[in-house]
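Everything on this sheet refers to the single structure shown next.
Each reported figure results from applying straightforward, stated rules to the coordinates on display, with no laboratory input. Since we're looking at a predicted model, the values are computed, not measured. Please note: Cβ atoms are built from the backbone with ideal geometry, for glycine as well, and neighbour counts cover all protein chains shown.
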Amino acid sequence: MSNALLVSSNDKGTDMLVQLLKAEEAPKISTVSNGAEARRIIISNEYDLIIINTPLIDEFGHELAIKITDQTTSAVVMIVKSEICEQVMAKVEDYGVLLVTKPLNKMMFYQTLKLANATRKRILGFKSENVRLAQKIDEIRLIDRAKCVLIQYLNLTEQQAHRHIEKQAMDMRVTRTEVAQGILKTYET
């Protein structure tokens, strides 16, 4: 993890967690002391990992964790008292928030960080795949619009319009998208 945000209202807990994160070689560690500050800072900064040491002075922290998972690709780890772990887990587990109980077991903490990192990488993979698929859909829509224009203005069949776009792309050594954009410029302006 290259950068982390630590949200903790407890100075002693903050110091201990910073030391643990430095041992994991997190090069940039930012700290804030409450949920409101955390909400402000995540708007303008991207974090690989966000750790919430509950309770915070202005809220418990589970709502913050849910908001972070909705708005970012950051891995979120909450540190909660073992007595309330089950209650908190019921609220946050569907959002992919990982829990570590107090008193903190260093080995369990490090394992959770590794799991958080793996989970974040998987989320980023899904996100990039989602972007790639959205671009592909946009490309298909553009080509279909160009086919419709060819059908309308040149009285071609759908198959002939498809062949026309494919042939132009091969002859001009450009993508079908570029051919479709040219067709749309020609006939729709």
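The mean sequence distance of close C-alpha pairs (under 8 Å, at least 6 residues apart), as a share of the length of the chain, puts its relative contact order at 15 percent. What whole-number distance in Å separates the alpha-carbon centres of region 1-20 and region 68-145? When both Cα centres are located, 19 Å separates them. When P(r) over Cα pairs in 5 Å bins from 0, in percent is calculated for this entry, the matching label among (i) 1, 7, 14, 15, 13, 7, 4, 4, 5, 7, 7, 7, 5, 2, 0, 0; (ii) 1, 9, 19, 24, 24, 17, 6, 1, 0; (iii) 1, 8, 14, 18, 19, 15, 11, 7, 4, 2, 1, 0, 0 is (i). Evaluated with a Cβ-only charge set (Lys, Arg +1; Asp, Glu -1), the chain carries a dipole of roughly 520 debye about its Cα centre, given to the nearest 20. Backbone amide hydrogens, once placed in the peptide plane, bring residue 29 within less than 5 Å of 4, excluding anything fewer than 5 places away on its chain. Straight-distance candidates among the lysines for linking to residue 136, with alpha-carbon spacing under 27 Å and chain neighbours fewer than 8 residues away dropped: 121, 127, 147, 167, 185. A Förster radius of 35 Å combined with the Cβ-Cβ distance from residue 135 to residue 155 puts the calculated FRET efficiency at roughly 0.65. Dipole of the chain computed with +1 at Lys/Arg Cβ and -1 at Asp/Glu Cβ about the Cα centre; of 99, 123, 52, farthest Cα towards the positive end is 123.
Rounded, prolate or oblate: which fits region 91-189 when a ≥ b ≥ c are the square roots of the eigenvalues of the alpha-carbon gyration tensor, with rounded for a/c under 1.5 and prolate only if a/b beats b/c? Because a/c hits 1.5 or more and a/b exceeds b/c, region 91-189 counts as prolate. Couplings for region 69-75, taken from phi via the Karplus curve 6.51 cos²θ - 1.76 cosθ + 1.60 with θ = phi - 60°, read 5, 6, 9, 9, 9, 5, 7 Hz in order; Gly and Pro are left as x.
With just the Cα atoms defining each centre, how far is region 149-189 from region 27-62? Give it in Å. If we compute the Cα centre of each part, the gap is 52 Å.
Simple spin-label estimate for residue 11 and residue 175 gives 5.6 nm between the two label positions (7 Å along the Cα-to-Cβ direction from each Cα). Only helices enter this figure: runs of n ≥ 4 DSSP H residues, each worth -39500 (n - 2.57), summed and divided by the residues of the chain, yield -21000 deg cm²/dmol at 222 nm to the nearest 500. Quick check on region 3-104: take the gyration tensor over C-alpha atoms, sort the square-rooted eigenvalues as a ≥ b ≥ c, and tell me if it's rounded (a/c under 1.5), prolate or oblate. Because its axes are fairly even, with a/c under 1.5, region 3-104 counts as rounded.
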